[in-house]
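A.B. asks: Questions regarding the structure given below will be posed in turn.
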Amino acid sequence: MNRRALLAAPLALGALSACDRFATAQPAPPSVPPLKSVAPFPIGSAVMSGQLDDPAWVALARQQVNQLTPEWEMKMEYILQSPGRMTFDAPDRIADVCAAEGVRLHGHALIWYSQGEQAFAGLDGRAFAAAFDRYIAEVAGRYRGKLVSWDVVNEPIAEDGNGLRDSHWSRALGDDGYMIRAFEQARLADPDAVLFLNDYNLENNPAKGATFLRTVERLLKAGAPIGGLGTQSHLDIEIPAGQITTLIRELGAFGLPVHVSELDASLRRERRGDFRSRVQRLEQQQARVVELAEAFMSLPARQRFAFTAWGLRDSDSWLRRDGRDDGKDQPLLFDDAGQAKPLTAAVAGVFGRG
Ligand code: 9MR
């Protein structure tokens, strides 16, 4: 597909909005070059080991992405599922496939407030700290040389953006203490991995974004070996234009690599009373995802770590699981059949300008 056709693709969506009664008619899938071939940085996706047995998923992944993040099988909930031993079958399989396919592997996540509470329960101060260190040493040590990077601390900022989250980690090792310790231990275990602090709603909630930035500044001053900043980018498509650009620019100001680490953009609204048409939602979605892609492209080349979506096809999204929606959300870059959409064409158009 040539450049002009790519840039024209978003217009097709605009034209459609003129007649909402045709909103359910699907435009023919645009022909879009593989994202990894147009982007001057790695394109990532979340992966679950089960998907490696789905030929359609594998074919799409091979075509589109050159980096993978385990969606949940490299977390404590998986690795510490059996008391007294660590389970590595699924994450090992993902790591082996990445090595065989020549795809980068991003580790997710060593220390997360929502994980490990049970496994660490009953440990006192010193034993807790030793178990914390041992976990990081074992897990990061096992994948040393097999992955390029880790989300070392995931989601440390309070939900409302007001300060840090309280967790079993912060209670045992201190608010900043658990994070500094996690980064130090991760560096010891894998000195070559880029070590990320990662969080969500940084674009959606500017107060949370600001707290994240202040936290990074403080941890760096304290000597934590933070090597990169991850913004999950589970985008709220109703936020004002410009908010995403500002956040990405502020993240970039640290001079560290930035990872768009879990992009999706739900068409649904959590709050009640949603009278937007589907076409309006698709337009909002495209505008915000394109803003994110453009802001990411504006970073200096050496700071563009990767652009990762939290799944390949809409039907792969966590937002479509556990009865979270009516099966109609379209939060990702490829449709249920693995076809590109106008959104994909728009993103490829932005990356192709590089
Ligand atoms: O998408 C992931 C889902 O399959 C898991 O059940 C869940 C708990 O492990 O985590 C989801 O991924 C989350 C990610 O690890 C951190 N940021 C928010 C993601 C969506 O909830």
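A.B. asks: Consider F41 against the criteria (1) in contact (Cβ under 8 Å) with a residue 60 or more places away in the chain; (2) over 14 Å from R104 (Cβ atoms): it satisfies all of them except one. Which criterion is unmet?
C.D. replies: The one condition F41 does not meet is (2).
A.B. asks: When only residues in region 244-255 that are touching a Gly at 6+ places or on another chain (Cβ under 9 Å) and buried (at least 20 other Cβ atoms within 10 Å of the Cβ) count, which is farthest from F196 (Cα to Cα)?
C.D. replies: Filtering region 244-255 down to residues touching a Gly at 6+ places or on another chain (Cβ under 9 Å) leaves 246-247, 250-251.
From the residues that got through so far, the ones that are buried (at least 20 other Cβ atoms within 10 Å of the Cβ) too are 247, 251.
Values: L247: 17, L251: 12 Å.
Across region 244-255, the extreme among qualifying residues is L247.
A.B. asks: Within region 114-132, restricting attention to residues that are in a loop (DSSP other than H, G, I, E, B) and among the small types (G, A, S), which residue is nearest to the ligand (Cβ to nearest atom)? Quick ask: steps written out before the conclusion?
C.D. replies: Here is the first cut: in region 114-132, the ones in a loop (DSSP other than H, G, I, E, B) are 114-116, 121-124.
Going one step further and asking which of them are among the small types (G, A, S), we end up with 114, 116, 121-122.
On the way: S114: 7, G116: 12, A121: 19, G122: 23 Å.
So, considering only residues that are in a loop (DSSP other than H, G, I, E, B) and among the small types (G, A, S), the one nearest to the ligand (Cβ to nearest atom) is S114.
A.B. asks: Here is a further query. Looking at E291, E262, E283 in this structure, which one is out of contact with any strand residue (DSSP E or B) (no Cβ under 7 Å at 6 or more places or on another chain), of a type in the set (D, E) and under 26 Å from E71 (Cα atoms)?
C.D. replies: Values: E262 fails: out of contact with any strand residue (DSSP E or B) (no Cβ under 7 Å at 6 or more places or on another chain); E283 fails: under 26 Å from E71 (Cα atoms).
On inspection, the qualifying residue turns out to be E291.
A.B. asks: So the check is Cβ under 7 Å with 6+ separation or different chains; which pairs have a first residue in region 73-89 that's within 19 Å of L52 (Cα to Cα) and a second one that's among the basic types (K, R)?
C.D. replies: If the second residue must be among the basic types (K, R), the pairs left are F88/R142.
A.B. asks: Identify, by number, the condition in (1) away from the ligand (no atom under 16 Å from the Cβ); (2) in contact (Cβ under 8 Å) with a residue 40 or more places away in the chain; (3) crowded, with 17+ Cβ neighbours inside 10 Å that N66 doesn't meet.
C.D. replies: Answer for N66: the failing condition is (2).
A.B. asks: Being touching a strand residue (DSSP E or B) at 6+ places or on another chain (Cβ under 6 Å) and assigned to a loop (DSSP other than H, G, I, E, B) is the filter; apply it to region 318-335 and report the residue that is farthest from the ligand (Cβ to nearest atom).
C.D. replies: The first filter runs over region 318-335 and keeps only residues touching a strand residue (DSSP E or B) at 6+ places or on another chain (Cβ under 6 Å), leaving 331-334.
Then keep just the ones that are assigned to a loop (DSSP other than H, G, I, E, B); that gives 331-333.
On the way: P331: 11, L332: 12, L333: 16 Å.
Applying the filter and picking the extreme gives L333.
A.B. asks: Also: Out of region 63-85, which residues are among the charged types (D, E, K, R) and within 19 Å of the chain's Cα centre (by Cα)? So that I can check it myself, show each step before the final result.
C.D. replies: Looking only at region 63-85, we keep the residues that are among the charged types (D, E, K, R), and these are 71, 73, 75, 77, 85.
Correct list: E71, E73, K75, E77.
A.B. asks: Here is a follow-up. Please find, among A56, A100, A95, A90, the residue that is in contact with a Lys or Arg (Cβ under 8 Å, 6 or more places away or on another chain), in a helix (DSSP H, G or I) and modelled with pLDDT of 95 or more.
C.D. replies: Values: A56 fails: in contact with a Lys or Arg (Cβ under 8 Å, 6 or more places away or on another chain); A100 fails: in contact with a Lys or Arg (Cβ under 8 Å, 6 or more places away or on another chain); A90 fails: in contact with a Lys or Arg (Cβ under 8 Å, 6 or more places away or on another chain).
Just a single option satisfies the conditions, and that option is A95.
The values are calculated or read from the model by the stated rules, or taken from the named source; none is laboratory data. Fair warning: this is a prediction, and the values are worked out from it, not measured in the lab. All Cβ positions, glycine included, derive from the backbone under ideal geometry; neighbour counts span all protein chains shown.
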